[in-house]
Amino acid sequence: MVKIVMLGPPGAGKGTYATRLAPKLGIPTISTGELFRENIKNNTEIGKKAKEYIEKGELVPDEIVIEMLKQRLQKDDTKNGFILDGFPRTLEQAKALEEISDIDVVIYLDVPEEIIIKRLSARRQCKKCGAIYNLLYLKPKVDGICDKCGGELYQRDDDKPEAIKERLRVYEEKTAPLKEYYINKGKLITIKTTKIDTPPEEQVEKIMEALKQKGLI
Ligand code: AP5
């Protein structure tokens, strides 16, 4: 049983690594960003509320995210643990999470801003299964088509330059302080990226090693 939080700026690789770690650990990945995108696609009440914030690169209000996450964590598949990708993102969310569940470890992805901007501008995602690609270093085998399910790849609305800039600003203001918060709780592990072409598998191995050293797996 292990409960993990992936923390890091937009484009740091939270989704890329979480989706590779999850099958190794036999636990689900829960991405609040993905949950919102699904809600927007299905035009639900949550989706309607979240859309305007997401497109501008702003955070969705805490009460909406916290309620959505609470409901997701009640599902049976989280009994043996989970990986949270994109939650918490504010101090209020971190405190709310403590009321809902005990987190074992926070994996902080330390990535320089110039790498992030290049990666986000070149990111593509599958409309059908959500798999993440990159036109620079993680290309699909066939242009525009998902290797895993044959779905169509698209560019997220919030991966346009203006929204990227705003997401990075919001991250520094609202989410970056969580590093200190989790250091003080003795829960933070830092995984550093210095080169844009570091293969995801290499970083995932580093994370697995760190989890072993902490006695969590
Ligand atoms: P969300 O979907 O969580 O976006 P984000 O945090 O901005 O994170 P990203 O998905 O952009 O980046 P990532 O770190 O997962 O990077 P990825 O693995 O894709 O949230 C979207 C929006 O929803 C938010 O802006 C907000 O409005 C709202 N929201 C969500 N949660 C919320 C919350 N808790 N509170 C309030 N609002 C919330 O990697 C990026 C690219 O790099 C990819 O192309 C990938 O292929 C590439 N890449 C990564 N690592 C490597 C590598 N090692 N080698 C090669 N390429 C790599």
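The values are calculated or read from the model by the stated rules, or taken from the named source; none is laboratory data. Keep in mind that what you see is a predicted model, and the values were worked out from it rather than measured. Backbone-built Cβ (ideal geometry, glycine too); neighbour counts: all protein chains shown.
Would you be able to say whether some residue in the range 36-47 is within 12 Å of the ligand (Cβ to nearest atom) and in contact with a strand residue (DSSP E or B) (Cβ under 7 Å, 6 or more places away or on another chain)?
No, there is no match, as no residue in the range 36-47 is within 12 Å of the ligand (Cβ to nearest atom) and in contact with a strand residue (DSSP E or B) (Cβ under 7 Å, 6 or more places away or on another chain).
Could you list, in sequence order, the residues of the range 146-165 that are touching a residue at least 40 places away in the same chain (Cβ under 8 Å), surrounded by 15 or more Cβ atoms within 10 Å (Cβ to Cβ) and among the acidic types (Asp, Glu)?
Asp158, the sole residue that qualifies.
Cβ-Cβ under 6 Å, sequence separation 6+ or interchain: first residue in the range 172-199 and surrounded by 14 or more Cβ atoms within 10 Å (Cβ to Cβ), partner part of a loop (DSSP other than H, G, I, E, B). Which pairs?
Lys174/Thr90; Thr175/Arg89; Thr193/Val111
Kindly indicate the residue of the range 122-140 that is over 12 Å from Asp197 (Cα atoms), within 9 Å of the ligand (Cβ to nearest atom) and not in a loop (DSSP other than H, G, I, E, B) and also nearest to the chain's Cα centre (by Cα) among those meeting that condition.
Checking each candidate, the answer is Ile132.
Please specify each residue of the range 77-120 satisfying the condition of being assigned to a loop (DSSP other than H, G, I, E, B) and among the aromatic types (Phe, Trp, Tyr).
The one that is assigned to a loop (DSSP other than H, G, I, E, B) and among the aromatic types (Phe, Trp, Tyr): Phe87.
Which is buried (at least 20 other Cβ atoms within 10 Å of the Cβ), of a type outside the set (Asp, Glu) and either over 23 Å from Asn184 (Cα atoms) or without any contact (Cβ under 8 Å) to a residue 60 or more places away in the chain (or both), of Ile107, Ile116, Ile83?
Being buried (at least 20 other Cβ atoms within 10 Å of the Cβ), of a type outside the set (Asp, Glu) and either over 23 Å from Asn184 (Cα atoms) or without any contact (Cβ under 8 Å) to a residue 60 or more places away in the chain (or both) holds for just one of Ile107, Ile116, Ile83, which is Ile116.
Condition test on Gln71, is it surrounded by 13 or more Cβ atoms within 10 Å (Cβ to Cβ), more than 26 Å from Lys160 (Cα to Cα) and within 19 Å of the chain's Cα centre (by Cα)?
no
Determine, yes or no, whether Glu58 is more than 23 Å from Lys187 (Cβ to Cβ), out of contact with any Ser or Thr (no Cβ under 8 Å at 6 or more places or on another chain), outside any helix (DSSP H, G or I) and at pLDDT 95 or above.
For Glu58, the condition - more than 23 Å from Lys187 (Cβ to Cβ), out of contact with any Ser or Thr (no Cβ under 8 Å at 6 or more places or on another chain), outside any helix (DSSP H, G or I) and at pLDDT 95 or above - is met.
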